[in-house]
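S.K.: Input: one structure, supplied below.
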Amino acid sequence: MSRFADDYRTARAAKLAEAAANRALVLRYPDLAKQLCEPPYRASRPENWSGYIPGPLASENNRGIVALNTSPVRAQLLTILEAAAERADADHHTQGRPA
């Protein structure tokens, strides 16, 4: 097996784990998960989202130029994930503290 194949498998496993963590985090909060069904992403059900978020760079154009990925879908998914992460962080900090 080649070094490239090993590196690819390692990177793929890391990306799959990251997507699974993203999905689990967002699905913990039904109101945020429901936003996955809104445009522009428009999932038929929140559970259908794999947790994948497109990368920060767009595909190379025919002149060999790579631009930032300004997709509204990417922006929406990042916003939802960020809100879920903030809630999880707040939940973690309030656990164990007296009300």
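Bear in mind that the values in this text are calculations on the coordinates, not laboratory data. Everything quoted here is computed from the prediction, not taken from an experiment. A quick note on method: Cβ atoms are made from the backbone with ideal geometry, for glycine too, and the neighbour counts reach across all protein chains shown.
S.K.: Can you report the number of residues in segment 51-77 which are closer than 14 Å to PRO39 by Cα and in contact (Cβ under 8 Å) with a residue 12 or more places away in the chain?
M.R.: Residues of segment 51-77 closer than 14 Å to PRO39 by Cα: 71-77.
Remaining after also requiring in contact (Cβ under 8 Å) with a residue 12 or more places away in the chain: 71-74, 76-77.
Residues meeting the conditions: 6.
S.K.: Does PRO72 satisfy the criteria of being surrounded by fewer than 11 Cβ atoms within 10 Å (Cβ to Cβ) and either under 15 Å from the mean Cα position of the chain (by Cα) or among the small types (Gly, Ala, Ser) (or both)? Even if it seems obvious, please write down each step before you answer.
M.R.: Values: surrounded by fewer than 11 Cβ atoms within 10 Å (Cβ to Cβ): yes; either under 15 Å from the mean Cα position of the chain (by Cα) or among the small types (Gly, Ala, Ser) (or both): yes.
So PRO72 passes the test.
S.K.: State whether the residues of segment 52-69 include one that is surrounded by 12 or more Cβ atoms within 10 Å (Cβ to Cβ), under 15 Å from ALA21 (Cβ atoms) and in contact with a helix residue (DSSP H, G or I) (Cβ under 9 Å, 6 or more places away or on another chain).
M.R.: Within segment 52-69, one or more residues are surrounded by 12 or more Cβ atoms within 10 Å (Cβ to Cβ), under 15 Å from ALA21 (Cβ atoms) and in contact with a helix residue (DSSP H, G or I) (Cβ under 9 Å, 6 or more places away or on another chain).
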